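The values are calculated or read from the model by the stated rules, or taken from the named source; none is laboratory data. Quick caveat: nothing in here was measured; it's all calculated off a predicted structure. Cβ sites come from the backbone with ideal geometry, for glycine too, and all protein chains shown count toward neighbours. These accessible areas exclude ligands, DNA and RNA; they are computed on the full protein's heavy atoms, side chains included. Shrake-Rupley method; radii C 1.70, N 1.55, O 1.52, S 1.80 Å.
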Amino acid sequence: MKSYRKELWFHTPTRVAFVNITPQVEACVRESGIREGLVLVNAMHITASVFINDEESGLHQDFEHWLEKLAPHSPISQYRHNLTGEENADAHLKRTVMGREVVVAITEGHLDFGPWEQIFYGEFDGRRPKRVLVKIIGE
């Protein structure tokens, strides 16, 4: 069995963003040379997420509005975490809802997706560099 590891770096200009990272993950699969296996893609920061869904701008706006209703950024005084001097408690909660990672099968050297599935990086406390781990195992 072979394994492959790569870090993808993101620096979003906004506090909240959704970035389709499917092309970068596909490039990792090609680079790995693994034809049959699994790829793990996970956010390495506790205020960011990796998830699978549809590439549709209205849906991404819906995610952003829905998450803001679930865990509004302000007032920042509503969160105990923010008493530490941080102002990102809502980002931690949003990450928990959207998830830390995805695992996708690799079949014949390609991501084995269902219809419309894409991999996204979700940023909830942006404007600084953050990493996503891509780990591939297989043959």
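Listed values, structure above:
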quantity	calculated
Cleavage-rule hits, trypsin sites (Lys or Arg not before Pro), the range 1-44, DSSP coil, Cβ neighbours within 10 Å at most 14	R35
Accessible surface ranking that places the most exposed of D125, D90 first, with a 1.4 angstrom probe	D125, D90
Phi to ³J(HN,Hα) by Karplus 6.51 cos²θ - 1.76 cosθ + 1.60 over the range 117-128, Hz, x for Gly, Pro	5, 9, 9, 10, 9, x, 10, 10, 8, x, 6, 7
Heavy atoms of S3: accessible area, 1.4 Å probe, square angstrom to 10	80 Å²
Count of Lys pairs (Cα-Cα under 16 Å; at least 8 positions apart or interchain) in the chain	4
Over the chain: helical MRE at 222 nm, DSSP H runs n ≥ 4 each giving -39500 (n - 2.57), nearest 500	-8000 deg cm²/dmol
Structure-derived Kirkwood radius over Cα pairs in Å: which label, when the choices are [x] 14.5; [y] 18.7; [z] 15.7	[z]
Relative contact order for the chain, counting Cα pairs under 8 Å that sit 6 or more residues apart, in percent	55 percent
GluC sites (Glu not before Pro) within the range 1-106, DSSP loop, no more than 10 other Cβ atoms inside 10 Å	none
Using θ = phi - 60° and Karplus 6.51 cos²θ - 1.76 cosθ + 1.60, couplings along the range 58-74 (whole Hz; Gly, Pro as x)	x, 5, 5, 5, 4, 4, 4, 5, 5, 5, 5, 5, 5, 9, x, 5, 10
Accessible area of T107 in the full protein assembly, 1.4 Å probe (Å², nearest 10)	50 Å²
